[in-house]
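Let me begin by presenting the structure, written as structure tokens, before commenting on it.
The values are calculated or read from the model by the stated rules, or taken from the named source; none is laboratory data. Remember, predicted model here, so these are calculated numbers, not experimental data. In this analysis, Cβ positions are derived from the backbone assuming ideal geometry, glycine residues included, and neighbour counts consider all displayed protein chains. Protein only, heavy atoms only, side chains kept; ligands, DNA and RNA dropped before computing areas. Shrake-Rupley method; radii C 1.70, N 1.55, O 1.52, S 1.80 Å.
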Amino acid sequence: KQEVTQIPAALSVPEGENLVLNCSFTDSAIYNLQWFRQDPGKGLTSLLLIQSSQREQTSGRLNASLDKSSGRSTLYIAASQPGDSATYLCAVRSGSGYALNFGKGTSLLVTP
Amino acid sequence: GAVVSQHPSRVICKSGTSVKIECRSLDFQATTMFWYRQFPKKSLMLMATSNEGSKATYEQGVEKDKFLINHASLTLSTLTVTSAHPEDSSFYICSATLAGGIAQMRSGGFDTQYFGPGTRLTVL
């Protein structure tokens, strides 16, 4: 069974810092990996989707990498802003099905 | 584009009553919708997959008689929590994919699930 782990569980940084969020998964036979943002009490916003054949995806200040063989993905946030404060979720779609397996998330706080 | 809404956003009910949650794709047709449940500080757990015009596929451990799912049209799926108990209190989130269904998803046609804003259910 695919298990997704996110480290750290919580992170607090001052505004302007670059930061890295980590995601690992146990079964490397994935179809794709997605990073989401969730604000308190809200739904999910898709940030980046990386297909299994890709190594990275970029959108603005966000860059996500994927190393399928080692079962790892990182989300890099450049020049963090207070508006980036949210919970970031990593989700993996395994090759055997269409369900998304989610990590527990990293709660990010960017202080002014 | 690709907006998914849920109604209600928050509901409080008494133990033993039934609660219906709606999930709508507002600007696209969604052959397939998914229902997730999220406990505080926990992962989202897939409950079931809802296909328009057919019975939902439930994940292992999810009681199909308790969580009734109906997907009557290409833009609407409903989740009914029957005989709700306090342990059913949770955050329920739906997602939808663009029309194409499971077949296209398996071939890689549509990968992105668009999520609704969620429904907070509290059972007293």
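How large, in percent, is the carbon and sulfur part of the accessible surface of chain B at a probe radius of 1.4 Å? Percent of accessible area from carbon and sulfur atoms in chain B: 52.
Which of the lysines could a cross-linker span from A:K68 if the Cα-Cα distance has to be under 19 Å and same-chain partners fewer than 8 positions apart are dropped? List returned: A:K1.
Which whole-number percent gives the relative contact order of chain A, counting Cα pairs below 8 Å spaced six or more residues apart? Kindly include the intermediate steps, with their values, before the conclusion.
Numbers: 291 pairs, mean separation 41.7, N = 112.
Relative contact order of chain A: 37 percent.
Straight-line cross-link partners of B:K14 among the lysines, defined as a Cα under 29 Å from its Cα and at least 8 positions apart when in the same chain: A:K42, B:K41, B:K42, B:K55, B:K64, B:K66. The mean sequence separation of alpha-carbon pairs under 8 Å and at least six residues apart, normalised by the residue count of chain B, gives a relative contact order of 36 percent.
Using a Gaussian network model of chain B in which every pair of alpha carbons under 10 angstrom is joined by a spring, one finds that among B:K66, B:K20, B:K42 the greatest mean-square fluctuation is at B:K42.
Per residue of the protein assembly as shown, what 222 nm ellipticity follows from adding -39500 (n - 2.57) for every DSSP H run with n ≥ 4, rounded to the nearest 500? Could you put the intermediate results ahead of the total?
Working: 1 runs with 6 residues, N = 236.
Calculated from helices alone, the mean residue ellipticity at 222 nm is -500 deg cm²/dmol.
Cα convex hull of the protein assembly as shown: mean projected area in nm², to one decimal? Write out the running numbers ahead of the final one.
On the way: hull surface 50.0 nm².
So the mean shadow area of the Cα hull is 12.5 nm².
Rounded to the nearest 100, the interface formed by chains B and A buries 1700 square angstrom of accessible surface, both chains summed, with a 1.4 Å probe. How would chain B be classified by its alpha-carbon gyration tensor: rounded, prolate or oblate, with rounded meaning a/c under 1.5 and the a/b versus b/c comparison settling the rest? Taking the square roots of the gyration eigenvalues as a ≥ b ≥ c, chain B is prolate.
With the other protein chains left in place, how much accessible area per residue, in square angstrom, belongs to chain B at a 1.4 angstrom probe? Spell out each step's value before the answer.
Values: 5930 Å² over 124 residues.
Here the residues of chain B average 48 Å² of exposed surface.
Any chance you could tell me what percent of the C-alpha pair distances in chain A go past 22 Å? Cα-Cα pairs in chain A separated by more than 22 Å: 26 percent.
Of the residues B:V123, A:G71, A:Q81, the one whose Cα sits farthest toward the positive end of the charge dipole of the protein assembly as shown, with +1 on the Cβ of Lys and Arg and -1 on the Cβ of Asp and Glu, is B:V123.
Per 0.36 nm of contour for each residue apart, how much would the distance between A:Q81 and A:S59 grow if the chain were fully extended, relative to their Cα-Cα spacing? Kindly include the intermediate steps, with their values, before the conclusion.
Numbers: separation 22, 0.36 × 22 = 7.92 nm, distance 1.54 nm.
Length gained between A:Q81 and A:S59: 6.4 nm.
For the protein assembly as shown, taking a cut-off of 4.7 Å between Cβ atoms, the unpaired cysteines are B:C13.
Which percent of the accessible area of chain A is formed by carbon and sulfur heavy atoms (probe 1.4 angstrom)? Let's see the in-between values first.
Working: 2510 of 5190 Å².
Result for chain A: 48 percent of the exposed heavy-atom area is carbon or sulfur.
Considering only B:A72, B:A48, B:A56, the mean-square fluctuation computed in a Gaussian network model of chain B, springs between alpha carbons under 10 angstrom, is largest for B:A72.
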